[in-house]
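**Student:** Dropping a structure here in structure tokens format, bear with me for questions.
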Amino acid sequence: MSEASGAEVILSRARAQEREYDWLGATESYKKALGLVSEKDFLNTAEIYEQLGCAFYRAAMQAESVDDFRERMHQAVASYEKAKEAYEGLGKPGKTPRTLHCDAMIAYVNCWLASEVPEKKRLLDECWRIEKEAFKAYDEVGDQLGSGKACIGLADCLDERLDLELDMQMREKILDEALSFGEKAIQIFSNAGVEH
């Protein structure tokens, strides 16, 4: 079995683990898959690191202690940073929205590590701004699934930001934008025949 097909088998296992909400198991599978992908294969390396970041984030939400939560969130940030580095190795126009999305996710995950409300708000506002740039950049390069991913990221970010906002007008603006991006995500994934 070639390394590429071996990596695909492991990635298939990781996706099955995700469907079963075995996020820690998925992190282990993604790490194994990274060992089978060439460092020069920037796209696959970046995509696996991005999936690893998401799996660590989800695993943090299942943590039974604050220490485990924090450690997994730090690992999620590190994975998104490595994904961004690998995406930067791409020579394609498609690297811009991908690196922006990673930056947005780094800000989003870091908001979970912040202990003060003003810092959480700042990080969520940063995520909001960057993910909107990523959405626009995905749209410009015609990457509909990337646009959908950015919409989901925006809806999640805005949902968290809404919880921290006391001003009613700002709450209304946040809610309207979150609903708008959520509807866009549904439309994009429905048109593409993808269940998300």
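The values are calculated or read from the model by the stated rules, or taken from the named source; none is laboratory data. Note that the structure is predicted; figures quoted are calculated from it, not measured. Note: ideal-geometry Cβ built from the backbone for every residue, glycine included; neighbour counts use all protein chains shown. SASA here: full protein model, heavy atoms, side chains in, ligands and nucleic acids out. Shrake-Rupley method; radii C 1.70, N 1.55, O 1.52, S 1.80 Å.
**Student:** Once Lys and Arg get +1 and Asp and Glu get -1 on their Cβ, which of LEU179, ALA7, ALA60 lies farthest toward the positive end of the dipole of the chain?
**Tutor:** ALA7
**Student:** A further question follows. Separation between the LYS40 and GLU8 pseudo-spin-labels, each 7 Å from Cα along Cα→Cβ, expressed in nm?
**Tutor:** 2.1 nm
**Student:** For the range 89-196, what are the per-bin percents of Cα-Cα distances with bins 5 Å wide, up to the bin holding the maximum?
**Tutor:** Reading upward from the zero bin: 2, 14, 22, 22, 19, 12, 7, 2, 0.
**Student:** A further question on this structure: Per-residue counts of other Cβ atoms within 10 Å, averaged by peptide: what ranking do you get for 30-40, 141-151, 76-86, highest first?
**Tutor:** Working: 30-40: 16.5, 141-151: 19.7, 76-86: 22.0.
Put in order of decreasing packing, that is 76-86, 141-151, 30-40.
**Student:** Please sort through the DSSP H helices of the chain and keep those with an alpha-carbon extent of at least 15 Å along the long axis and a Kyte-Doolittle average not below -0.5.
**Tutor:** Working: long enough: 3-19 (24 Å, -0.58); 23-34 (16 Å, -0.35); 42-61 (29 Å, 0.35); 66-88 (33 Å, -1.20); 95-113 (27 Å, 0.16); 117-140 (34 Å, -1.15); 144-164 (30 Å, 0.20); 168-192 (36 Å, -0.12).
Result, helices passing both filters: 23-34, 42-61, 95-113, 144-164, 168-192.
**Student:** Let me know the shape class of the range 31-86, please: from the alpha-carbon gyration tensor, a ≥ b ≥ c as square roots of the eigenvalues, rounded when a/c is under 1.5, otherwise prolate if a/b is greater than b/c, or oblate.
**Tutor:** Working: a/c = 3.16, a/b = 2.39, b/c = 1.32.
In terms of gyration-tensor shape, prolate.
**Student:** List the lysines whose alpha-carbon lies under 27 Å from that of LYS132, not counting same-chain residues fewer than 8 positions away?
**Tutor:** Cα-Cα hits under 27 Å: LYS82, LYS84, LYS92, LYS95, LYS120, LYS121, LYS149, LYS173, LYS184.
**Student:** Calculate the translational D of the chain in whole µm² s⁻¹ from Stokes-Einstein, where the hydrodynamic radius comes from the Kirkwood formula applied to all Cα pairs, the temperature is 37 °C and the viscosity 0.692 mPa s.
**Tutor:** On the way: Rh = 17.3 Å.
For the chosen part, D equals 189 µm²/s.
**Student:** Right, here's the next one. Which peptide among 60-68, 45-53 comes first, and what is the full order, when sorted by highest mean count of other Cβ atoms within 10 Å? Could you put the intermediate results ahead of the total?
**Tutor:** Numbers: 60-68: 12.0, 45-53: 23.7.
Ranked by mean Cβ neighbours within 10 Å, highest first: 45-53, 60-68.
**Student:** Also, quick follow-up: Show that you can apply the helix-only estimate: for the chain, add -39,500 (n - 2.57) for every DSSP H stretch of four or more residues, divide by all residues, and state [θ] at 222 nm to the nearest 500. Write out the running numbers ahead of the final one.
**Tutor:** On the way: 8 runs with 161 residues, N = 196.
The helix-only estimate for the chain comes to -28500 deg cm²/dmol at 222 nm.
**Student:** Which whole-number percent is the relative contact order of the chain (Cα, under 8 Å, 6+ apart)? List each step's numbers first, then the result.
**Tutor:** Working: 260 pairs, mean separation 25.4, N = 196.
Computed value for the chain: 13 percent relative contact order.
**Student:** Another question about this same structure. Averaging over every viewing direction, what projected area does the convex hull of the Cα atoms of the range 47-139 cover, in nm²?
**Tutor:** On the way: hull surface 23.0 nm².
In nm², the orientation-averaged hull projection of the range 47-139 is 5.8.
**Student:** A further question follows. Which of ARG58, ARG72, ARG129 moves most in a GNM of the chain, Cα contacts under 10 Å?
**Tutor:** ARG129
**Student:** Follow-up. Any idea of the accessible area per residue across the range 12-58, 1.4 Å probe, to the nearest Å²? Walk me through the numbers before you get to the answer.
**Tutor:** On the way: 2530 Å² over 47 residues.
With the other protein chains kept in place, the range 12-58 gives 54 Å² per residue.
**Student:** Right, next: Enumerate the amide H contacts of GLY89 below 5 Å, restricted to partners 5 or more residues apart or on another chain; note that Pro and chain-start residues carry no placed amide H.
**Tutor:** none
**Student:** While we're on this one: Ignoring ligands, DNA and RNA, what accessible area per residue does the range 137-184 give at 1.4 Å, in Å²? Show your work: numbers first, answer last.
**Tutor:** Values: 2620 Å² over 48 residues.
On a per-residue basis, the range 137-184 sits at 55 Å².
**Student:** So, with a 1.4 angstrom probe, what is the percent of accessible area on the range 40-194 that is carbon and sulfur? Intermediate results must be reported in sequence, preceding the final value.
**Tutor:** On the way: 4030 of 8000 Å².
Carbon plus sulfur share of accessible area: 50 percent.
**Student:** Another question, then. Could you tell me the calculated FRET efficiency between ASP68 and LYS92, based on Cβ-Cβ distance and R0 = 30 angstrom, to the nearest 0.05?
**Tutor:** 0.20
**Student:** Hey, in the GNM for the chain with a 10 angstrom Cα cutoff, which one of ILE152, ILE186, ILE130 fluctuates hardest?
**Tutor:** Maximum among the listed residues: ILE186.
**Student:** Just need log10 I(q)/I(0) for the range 125-185 at q = 0.13, 0.18, 0.19, 0.27 Å⁻¹, Debye formula, equal scatterers on the alpha-carbon atoms, no solvent, rounded to two decimals.
**Tutor:** -0.31, -0.57, -0.62, -1.07
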